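Have a look at the structure below before the remarks.
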Amino acid sequence: MAPIAVGDVIPDGTLAFLDNDNKPQSVSIHSLSKGKKVIIFGVPGAFTPTCSLKHVPGFIERAEELKGKGVDEIICISVNDPFVMKSWANTFPENKHVTFLADGSAKYTHDLGLELDLTDKGLGIRSKRFALLVEDLKVKVANIESGGEFTVSSAEEIIKAL
């Protein structure tokens, strides 16, 4: 399957999260994105070094600037379960705008064409590192990393594109 690209409509899919009572909930990505300007960024795994020290903090630190440029939602997706994603989100107490969603079986990641097979490293199927700028379900920017790189999917690169 070809990776999601500029001009494509994002597929709908259901992602998971824990609510304030720590009960599992699900949400449609289209329900979060329809009629809005949304950043969807994906990381290979919660609690991993580049994801935790660079990728997520960049979006948290630049969230106000992104919102000021018309971004309605900032969504972080990882191939982890919602319990891990909530625990990971809680390590960023300064976060006010980034929503952490779980793609536990990598189904949505597969639908985006962005799987990363790290089975040989004992990590199974994960997500490539990416950042999408989506307006009313249509991809306007698709910054997809090669391998383990972190060069084009940062908050700074999305800001340049806005």
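The values are calculated or read from the model by the stated rules, or taken from the named source; none is laboratory data. In this text the structure is predicted, and so the values were computed from the model without any measurement. Here Cβ is always computed from backbone atoms with ideal geometry, including for glycine, and neighbour counts include all displayed protein chains. Just so you know, the surface numbers come from the protein's heavy atoms only, side chains and all, with ligands and any DNA or RNA stripped out. Shrake-Rupley method; radii C 1.70, N 1.55, O 1.52, S 1.80 Å.
State yes or no: is GLY35 in contact (Cβ under 8 Å) with a residue 12 or more places away in the chain, in contact with a strand residue (DSSP E or B) (Cβ under 8 Å, 6 or more places away or on another chain), open to solvent by 10 Å² or more (accessible area, probe 1.4 Å) and outside any strand (DSSP E or B)?
no
Consider TYR108 against the criteria (1) open to solvent by less than 10 Å² (accessible area, probe 1.4 Å); (2) over 20 Å from ILE144 (Cα atoms): it satisfies all of them except one. Which criterion is unmet?
Condition (2) is where TYR108 drops out.
Taking the options LYS54, LYS121, LYS67, name whichever one is surrounded by fewer than 21 Cβ atoms within 10 Å (Cβ to Cβ) and at pLDDT 95 or above.
Checking each option against the conditions leaves just LYS67.
Mind listing just one residue for me: the one in region 105-139 that is of a type in the set (Gly, Ala, Ser) and within 25 Å of LYS37 (Cα to Cα) and, of those, nearest to the chain's Cα centre (by Cα)?
ALA131
Six or more apart or on different chains, Cβ under 8 Å: which pairs go from a residue in region 105-132 that's without any contact (Cβ under 8 Å) to a residue 60 or more places away in the chain to one that's among the polar types (S, T, N, Q) and open to solvent by less than 40 Å² (accessible area, probe 1.4 Å)? Could you list them?
Cβ pairs passing all conditions: ALA106/SER127; GLU115/THR109; GLU115/SER127; ILE125/THR109.
Which numbered condition trips up ILE158, out of (1) under 15 Å from ILE60 (Cα atoms); (2) assigned to a loop (DSSP other than H, G, I, E, B)?
(2)
For ILE74, state whether it is modelled with pLDDT of 95 or more, in a strand (DSSP E or B) and either in contact with a His (Cβ under 6 Å, 6 or more places away or on another chain) or open to solvent by 10 Å² or more (accessible area, probe 1.4 Å) (or both).
yes
Is one or more of the residues making up region 63-84 touching a Lys or Arg at 6+ places or on another chain (Cβ under 6 Å) and of a type in the set (Gly, Ala, Ser)?
yes
Got a number for residues in region 124-162 being aromatic (Phe, Trp, Tyr) and buried (at least 20 other Cβ atoms within 10 Å of the Cβ)?
Going through region 124-162 one residue at a time, the tally reaches 1.
Hey, can you tell me all the residues within region 77-104 that are in contact (Cβ under 8 Å) with a residue 12 or more places away in the chain, polar (S, T, N, Q) and not in a helix (DSSP H, G or I)?
SER78, ASN80, THR91, ASN95, THR99
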